[in-house]
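Visitor: Quick one: the structure is below, questions incoming.
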Amino acid sequence: MTKQTFCRVPGPGETRACIDPWIFVFVRSSGDVDACCRGVKIGNLNERSFEEIVNGPEAIELRRRVLAGDLPPGCVLCATRPVTTVETLGALVEHLVYDAGFEEQEELRRRIREHRAVRSDLLREREGLRGHATTLERLLADVRAHASTLEQERPHLLAHIENLERELAAARHALAARDEEAQRRLRLLDRLRAWFGPGPARS
């Protein structure tokens, strides 16, 4: 014979007088974390930390549904918690939260999350700066290597410049000598013309 459990199902405006989602968790060997022994899973320790699970979206949504009377199937048929009004459970939870200092804890958790977010941003920025510094170090090494190469080539470049200056001076001297020779020949031609006079006229 099958054993049956009879319990009243909450009606409109009613819920279960259950504060387990605020004060209790059931951890299974698989790592699953349930909000009660009815198997309402809110996370897994292999995927997230305990703090992230109990303050995660699944746990928050379960608390909201219990407070609103929008119970999950496992909670609707729960025989271990009596039926009560949503107003009564809301007052009970409010009193529980106040006595336990949950508001202060939530504020501290919020600040911790903010600090972690800022720390994460700073770490990413630090990694970016490290990458930029590494790039600058490589560029500096390249510039130093190029400067060293230029310094090694400097004597050869100076010698090449001196050779070019000597060649230029020699070219200028040769050009001046040619101009002087041309002027000498022109003067000689003028003398010959003056000596012999004009040539015979052509018919």
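The values are calculated or read from the model by the stated rules, or taken from the named source; none is laboratory data. Remember, predicted model here, so these are calculated numbers, not experimental data. All Cβ positions, glycine included, derive from the backbone under ideal geometry; neighbour counts span all protein chains shown. Calculation scope for accessible area: heavy atoms of the full protein, side chains included, ligands and nucleic acids excluded. Shrake-Rupley method; radii C 1.70, N 1.55, O 1.52, S 1.80 Å.
Visitor: For the list (1) open to solvent by less than 60 Å² (accessible area, probe 1.4 Å); (2) closer than 18 Å to residue 106 by Cβ; (3) at pLDDT 90 or above; (4) not aromatic (Phe, Trp, Tyr), I need the number of the one condition that residue 57 fails.
Guide: With respect to (1) open to solvent by less than 60 Å² (accessible area, probe 1.4 Å); (2) closer than 18 Å to residue 106 by Cβ; (3) at pLDDT 90 or above; (4) not aromatic (Phe, Trp, Tyr), residue 57 is out only on (1).
Visitor: Restricting to region 68-86, count the residues that are under 14 Å from residue 9 (Cβ atoms), open to solvent by 50 Å² or more (accessible area, probe 1.4 Å) and touching a residue at least 40 places away in the same chain (Cβ under 8 Å). Break it down into steps so the answer makes sense when it comes.
Guide: Looking only at region 68-86, we keep the residues that are under 14 Å from residue 9 (Cβ atoms), and these are 69-79, 81-84.
Now narrow it down to the ones that are open to solvent by 50 Å² or more (accessible area, probe 1.4 Å): 70, 73, 77, 79, 81-82.
Keeping just the survivors that are touching a residue at least 40 places away in the same chain (Cβ under 8 Å) gives 77, 79, 81-82.
Residues flagged as under 14 Å from residue 9 (Cβ atoms), open to solvent by 50 Å² or more (accessible area, probe 1.4 Å) and touching a residue at least 40 places away in the same chain (Cβ under 8 Å) within region 68-86 amount to 4.
Visitor: Let me ask something additional. Go through 33, 27, 40, 9 for me and flag whichever is surrounded by fewer than 19 Cβ atoms within 10 Å (Cβ to Cβ), touching a strand residue (DSSP E or B) at 6+ places or on another chain (Cβ under 6 Å) and of a type in the set (Val, Ile, Thr). Steps first, answer last, please.
Guide: Working: 33 fails: surrounded by fewer than 19 Cβ atoms within 10 Å (Cβ to Cβ); 40 fails: surrounded by fewer than 19 Cβ atoms within 10 Å (Cβ to Cβ); 9 fails: touching a strand residue (DSSP E or B) at 6+ places or on another chain (Cβ under 6 Å).
Checking each option against the conditions leaves just 27.
Visitor: Return yes or no: is residue 43 in a helix (DSSP H, G or I) and either touching a residue at least 24 places away in the same chain (Cβ under 8 Å) or not polar (S, T, N, Q) (or both)?
Guide: Against the criterion (in a helix (DSSP H, G or I) and either touching a residue at least 24 places away in the same chain (Cβ under 8 Å) or not polar (S, T, N, Q) (or both)), residue 43 does not qualify.
Visitor: May I pose another question? Failed condition for residue 65, given (1) loosely packed, with under 15 Cβ neighbours inside 10 Å; (2) free of Cβ contacts under 8 Å to residues at least 40 places away in the same chain; (3) assigned to a helix (DSSP H, G or I), with all others met?
Guide: The single condition residue 65 does not satisfy is (1).
Visitor: Same structure again: In the set 193, 130, 154, which member is more than 48 Å from the chain's Cα centre (by Cα) and assigned to a helix (DSSP H, G or I)?
Guide: 193
Visitor: Taking residue 115, is it part of a helix (DSSP H, G or I) and either at pLDDT 90 or above or surrounded by 10 or more Cβ atoms within 10 Å (Cβ to Cβ) (or both)?
Guide: Criteria met by residue 115.
Visitor: I'd like the residue in region 12-24 that is part of a strand (DSSP E or B) and either at pLDDT below 90 or open to solvent by less than 40 Å² (accessible area, probe 1.4 Å) (or both) and, out of all such residues, is nearest to residue 82 (Cα to Cα).
Guide: 16
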